[in-house]
1. Given a Förster distance of 22 Å, report the FRET efficiency between residue 47 and residue 146 from their Cβ-Cβ distance, rounded to the nearest 0.05.
2. If I take R0 = 45 Å and measure r between the Cβ atoms of residue 139 and residue 107 in this structure, what FRET efficiency does the formula 1/(1 + (r/R0)^6) give, to the nearest 0.05?
3. How long is the gain from residue 81 to residue 67 if the chain were fully straight, where each residue apart is worth 0.36 nm and the alpha carbon distance is subtracted?
4. Calculate the FRET efficiency for residue 123 and residue 88 from the Cβ-Cβ distance with a Förster distance of 30 Å, rounded to the nearest 0.05.
5. Over the alpha-carbon set of the stretch 65-173, work out the extent along each principal axis and list the three values in angstrom, largest first.
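None of the figures in this text is laboratory data; all of them are computed from the coordinates on show. Everything numeric here is computed off the predicted structure, so don't read it as measured data. Methodologically, a virtual Cβ is constructed for each residue, glycine included, from the backbone with ideal geometry; neighbour enumeration extends over all protein chains shown.
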């Protein structure tokens, strides 16, 4: 007579538990390799970090201050390129007449349209320290410097234009 093989009771229970698990539980169980107990343990930081929908969404989006700084830097670079083209064009046109060039360049500098970019710069100067949660210096009441320099961006205007694209110096006769 042949003996029937009867698996131990715990094997039946394991198969039953496997059938009752959801597909996600089965996939996660395979990834963790529960049978052998292998898998990387969570770091202490991961164990202590609060998990929430808000932090998940916040983690995948660039903060507004970062987007704004990028927009400001790109805007300043664009204005410099356009001003350089205008400066060279006036030099070609009035290169022989320094006074006429200076007069025309002052007019260009005073009329250069930078209001939209200046509004963005003013928003940055007002909100950046709050958005970055910068510390205050208790003695001065000023926000601390970022990497040794001020977080503030200069507002563009005629003085900025003339600083970066100066008028030709007058040569003494």
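1. 0.10
2. Once rounded, the FRET efficiency stands at 0.50.
3. 2.9 nm
4. 0.40
5. 55, 30, 20
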